[in-house]
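One structure is given here, and the rest of the page talks about it.
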Amino acid sequence: MPALSAAQLLSVWEHGALRHPLDRALLLFAVAEPGLAPDALADAPLGACNAALMRLRRDCFGAAIPAWTDCPACGERMSFELDLAQLPAMTPVPDVVEVEGHRFRCPGARQLAALADCPDADEAARRLLLSCIADEAQAPADNAMLDQLLVHAEHAIEAADPWADLAVDYQCPACGHAGEAAFDIASYLWEEIEAHAGRLLDEVHLLASSYGWREDEILALGDVRRAAYLARVTP
Ligand SMILES: [Zn+2]
């Protein structure tokens with residue numbers, strides 16, 4: 001785990017445990033990009049956040065990404081290893097995307113968070129597009145014009161920031177159904193951090209109970225030495 005020490009991982013887990021998934025993604029983004037200010041993190045395109053989280057994930061847990069999805073046609077569980085070559089290249093996201101004379105920024109966490117209370121998907125799509133307008137003077141005059149722009153603008157923004165919404169192709173070996181499964185790196189990485197933190201807490205509990213050491217002393221042990229002591233106290 002070169003990217004995060006045991007103590008740092010537990011701290012990230014503690015800070016993120018009670019947060020909304022969007023805030024957790026921002027917390028992980030801040031860990032991955034410690035030089036960026038909070039505003040820059042919230043305004044960065046979603047794809048830039050996801051790419052940073054993928055790099056953090058690789059540094060913490062390695063390049064192999066075991067994944068699974070259930071076939072929506074027959075229910076078969078498909079386990080596979082996510083192949084990064086299947087995903088779009090990590091290219092820089094342009095500052096603005098021009099669609100039919102209007103200029104848009106690719107949305108970031110701040111724009112998504114502003115939609116949290118919007119129950120209607122169409123209205124959310126409109127609001128999201130409005131929040132992405134780079135030049136207020138060029139904003140669509142009314143909802144009809146906005147709706148006309150919506151599909152083209154969504155496609156253009158998706159093409160400009162392909163890492164914003166990752167998906168992998170699959171074909172079910174049981175029934176042959178082919179489809180696309182969403183891959184949310186933020187929730188995937190969070191589940192791994194949660195599982196790892198749980199194991200670390202178990203280890204601290206066992207070693208503290210056996211030797212009377214403090215948590216910081218136990219976490220400061222390297223993985224190999226901690227495992228060696230655990231082997232001596234585990235029946
Ligand atoms: Zn199937």
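The values are calculated or read from the model by the stated rules, or taken from the named source; none is laboratory data. Computed from a predicted model, the values in this text were never measured in an experiment. Note that each Cβ is placed from the backbone with ideal geometry, even for glycine, and that neighbours are counted across all protein chains shown. The accessibility values were calculated without ligands, DNA or RNA, using every heavy atom of the protein model including side chains. Shrake-Rupley method; radii C 1.70, N 1.55, O 1.52, S 1.80 Å.
Among the numbered conditions (1) closer than 30 Å to Pro21 by Cα; (2) without any contact (Cβ under 8 Å) to a residue 24 or more places away in the chain; (3) surrounded by 12 or more Cβ atoms within 10 Å (Cβ to Cβ), the only one that Arg199 does not meet is (3).
All of (1) more than 16 Å from Pro162 (Cα to Cα); (2) at pLDDT below 90 hold for Trp68 with one exception: (2). Filter the range 134-176 down to residues that are within 16 Å of the ligand (Cβ to nearest atom) and open to solvent by less than 70 Å² (accessible area, probe 1.4 Å), then give me how many there are. Selection size over the range 134-176: 6. Scanning the range 72-83 for residues being exposed (fewer than 14 other Cβ atoms within 10 Å of the Cβ) and either β-branched (Val, Ile, Thr) or over 12 Å from Pro173 (Cα atoms) (or both) gives a total of 3.
Residues that are at pLDDT 90 or above and not aliphatic (A, V, I, L, M) within the range 103-119 comprise Arg103, Phe104, Arg105, Cys106, Pro107, Gly108, Arg110, Gln111, listed in sequence order.
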